[in-house]
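Everything below concerns the one structure shown next.
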Amino acid sequence: MIGYYVHHQGRGHLHRAMCIAAHVEEEVTILSSLPRPADWPGPWVPLPEDTADAPGDPTAHGRLHWVPTHHPGHRERMGAVAEWIRWKSPALFVSDVSVEAATLARLMGIPVVVAAMRGDRQDEGHRLAYDLADALLAPWPSSLPEPGWPGHWYAKTVHTGGISRYDGRPRPTPDSGTSPSRREVVVMLGAGGAGVTAPQIQEAAWAAPDWAWTVIGGHRAPWVEDPWPVLCGATVVLTHAGQNAIAECAAARVPTLVIPQERPHREQHATARALGAAGLTTVRDAWPDPQDWPTLLAEAAARPDRWTQWSPGDGAHKAARLLTDLARRT
């Protein structure tokens, strides 16, 4: 059995876990405070929430990321993970992503795989988790490594390329009633937080009147459970640089304009730099001025498709082989 901790921020961690678990040759139990999806077929351990408005020493003097003192929710959460490990004695534990969950599992004698993240991970907490991990799972290609890692991290990293729930899914048949000359921007903001406002999008649409604009996700736009047809029908997708958003654009092989949002450790900016350096997407570090939109969208639409470099389409299979092999070795 494999335990798989899924972080509650956004939906990308969960989508990735479900993609990988579908190909693992061992039973996978997900542990998360997210609601259990209706289509998840395996065991699920619901975890208590541990958010706090005024946490006491949440970093343990800079050594960890989230361990607020005297917090009942946090105590129950860690207790639930520990109790599950105690009773199930899993062969392997995957953390995607929590320094504390990874450390707890390893303290209990369970081998650990940590889902790696781009950006500056040299803080004490990340160094602890990455050092103790038996393997690091990097959902980006080895041709675009994260710079500055110590050698022993690279040595145990498995680069899978992007992992998307849409890998291998056929593209929908184009609507015969849609004009081939129609150009559409799909703004995909996701569920993990928004750094883009409705007035900004409206201003951009006014500045580029020859383009139709569709917004999915974010705090105010309708949530689309399955954006695949919308992505495939886009002339350009405008999105942030979250790992899941990029993986879905790569699976759709759609021209993409990436504007990274602020995240801890500059994660999205690091991903955007890698994408831009490889010429995979058009990248802007900040929201463009109105007059720049027509040229920027035309540039993004004209970019050649090089998405196979980022996401060959077998990332979930590669990750599953890693987990299966490590679990069976144990």
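The long axis of helix 12-21 is offset from the longest Cα principal axis of the chain by roughly 70 degrees. For Val45, the amide hydrogen comes within under 5 Å of the amide hydrogens of Ile30, Leu31, Ser32, counting only partners 5 or more places away or on other chains and with H modelled in the peptide plane. Using R0 = 22 Å, the C-beta based FRET efficiency linking Ser143 and Asp305 works out to 0.85.
Full extension of the chain segment joining Arg284 with His23 gains 90.4 nm, where the gain is 0.36 nm per residue of separation less the Cα-Cα distance.
Two numbers describe the Cα atoms of the stretch 1-105: Rg and Dmax, which are 13.9, 43 Å. Ordering Tyr5, Tyr130, Tyr154 by the number of other Cβ atoms within 10 Å of each residue's own Cβ, fewest first, gives Tyr154, Tyr130, Tyr5.
Taking amide hydrogens as placed 1.01 Å from N in the peptide plane, the amide H of His71 sits under 5 Å from that of no residue at least 5 positions away in sequence or on another chain. Using C-alpha pairs below 8 Å separated by at least 6 residues, the relative contact order for the stretch 184-309 is 25 percent. Rg/Rh for the stretch 183-277 (Cα atoms only, Rh after Kirkwood) is 0.94. Each residue of the stretch 127-133 was assigned a 3J(HN,Hα) from its phi angle through the Karplus curve 6.51 cos²θ - 1.76 cosθ + 1.60 (θ = phi - 60°); the sequence is 4, 4, 5, 5, 5, 7, 5 Hz, with glycine and proline shown as x. For the chain, the longest principal axis of the C-alpha atoms and the axis of helix 293-302 are separated by about 70°.
Close amide H pairs (under 5 Å, H built 1.01 Å from N) link Val215 with Val187, residues at least 5 positions away or on another chain. Look at the dipole of the stretch 191-328 built from charges on Cβ: of Ala208, Ala320, Val283, the Cα furthest out on the positive end belongs to Ala320.
The gain in end-to-end length when the Gln291 to Arg127 segment is fully stretched comes to 54.7 nm, 0.36 nm per residue minus the alpha carbon separation. In terms of its Cα atoms, the chain spans 60, 43, 41 Å along the principal axes, sorted from long to short.
Every number in this text was worked out from the coordinates using simple rules, so none of it is lab data. Everything numeric here is computed off the predicted structure, so don't read it as measured data. Note: ideal-geometry Cβ built from the backbone for every residue, glycine included; neighbour counts use all protein chains shown.
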